[in-house]
Amino acid sequence: MTGIGNAPVSFGIFGTTAGSASPADMLRVLAEAGYDGSELGPPGLFGTPEETADLFASAGLQAIGAYVPLHLALDDATFDEDLARMRVTCRELNATGAALAILADEGSPELLLNPAREGRALALDDDRWELASQRLARAVNLAREHGLAASFHPHISTYVESDWEVDRLLATTDVTLTLDIGHMALAGADPVRCVEDWAARIDHVHVKDVDRAVLQRAKDEQRADFDAWWADVCLPLGAGDVDIDGVLDALDRNDYDGWLVVEQDRAPTSAAQLPAVAAEQSANLRWLAQRWPATAETAP
């Protein structure tokens, strides 16, 4: 077992968006809670690559990896901008000693309005899937040029959202998989079955609990403010609809030995909110450590 980490999304920092609390304070509270490491945030969140490495070292945390958003099915110019941002992230990963680029499709404005879509009407056709596969291969090669591994993260409201889309991705590429159990549950999949079906390709896991009712209300109301309702979809571990115990059992049965990264996506965290968020993430760590076989014996 590599360790239990957290990520900037738990403090409202995601994609290309930064929160208002200090990134250094985020690392400090994660270290004080007892986490082993954290993923990086958007490029430049912690400063230059060298400053990023210094902040992680000062906090005593391992840098785990970084989420890399890619528009796999939009125009060439947008994708080229994605690769330019990814190059910055690769330099940050190299500076901190982290080894994993976590690649994810960013979908489209249309998909943001259709989360957990039913049927295949908005799915990629064969030609666009081929384009997405080619672009993903370019991103994987870019990671490898920097000495990094690359893993793919299926995500709600994107072109790799449902379990059948993940099956197609795994059948047509050799990329490994970052399994986000919250996203898969929201997409209508069974995260336990996902572990069993994809165990040989899973090399990174995001542990997330979600309230499906929030998603259903957003769908029923045809809400166009994805970021606003998404800030309410994640709950403290054990309080939502995901069978996390079942997922942990399945991971253990399949000898998973990578990182478990706690994510509780939320709206950007202000400095005044930081103590409450810190307490919640400390509780998440205790909850998870008591259940994961590799840490349960030493959990407080």
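The values are calculated or read from the model by the stated rules, or taken from the named source; none is laboratory data. Source: prediction; values computed, not measured. Virtual Cβ from ideal backbone geometry, glycine too; neighbours counted across all protein chains shown.
Taken together, the criteria exclude residue 93 from residues that are within 18 Å of the chain's Cα centre (by Cα), outside any helix (DSSP H, G or I) and among the hydrophobic types (A, V, I, L, M, F, W, C).
Out of all the residues in the stretch 127-146, is one or more in a loop (DSSP other than H, G, I, E, B), among the aliphatic types (A, V, I, L, M) and on the phi < 0 side of the Ramachandran plot? Checking the stretch 127-146: not a single residue is in a loop (DSSP other than H, G, I, E, B), among the aliphatic types (A, V, I, L, M) and on the phi < 0 side of the Ramachandran plot. Here 296, 279 are screened, and the one residue that is among the small types (Gly, Ala, Ser), modelled with pLDDT of 95 or more and more than 20 Å from the chain's Cα centre (by Cα) is 279. Among the residues of the stretch 228-248, those identified as in contact (Cβ under 8 Å) with a residue 40 or more places away in the chain and assigned to a helix (DSSP H, G or I) are 244, 245, 246, 247, 248. Look at the stretch 201-226 and say how many of its residues are surrounded by fewer than 17 Cβ atoms within 10 Å (Cβ to Cβ), touching a residue at least 40 places away in the same chain (Cβ under 8 Å) and in a helix (DSSP H, G or I). Selection size over the stretch 201-226: 1. Among the conditions (1) part of a loop (DSSP other than H, G, I, E, B); (2) in contact (Cβ under 8 Å) with a residue 40 or more places away in the chain; (3) within 25 Å of residue 13 (Cβ to Cβ); (4) under 18 Å from the mean Cα position of the chain (by Cα), residue 256 misses just one, which is (3). On inspection, residue 43 qualifies as surrounded by fewer than 23 Cβ atoms within 10 Å (Cβ to Cβ) and under 16 Å from the mean Cα position of the chain (by Cα). Quick check on residue 52: is it modelled with pLDDT of 95 or more, over 16 Å from the mean Cα position of the chain (by Cα), of a type in the set (S, T, N, Q) and crowded, with 17+ Cβ neighbours inside 10 Å? Criteria met by residue 52.
Here is a check on your reading of the model: is residue 111 under 20 Å from the mean Cα position of the chain (by Cα) and under 20 Å from residue 131 (Cβ atoms)? Yes.
One residue stands out in the stretch 176-194 among those that are in contact (Cβ under 8 Å) with a residue 40 or more places away in the chain and within 16 Å of the chain's Cα centre (by Cα): the one that is nearest to residue 102 (Cα to Cα), namely 178.
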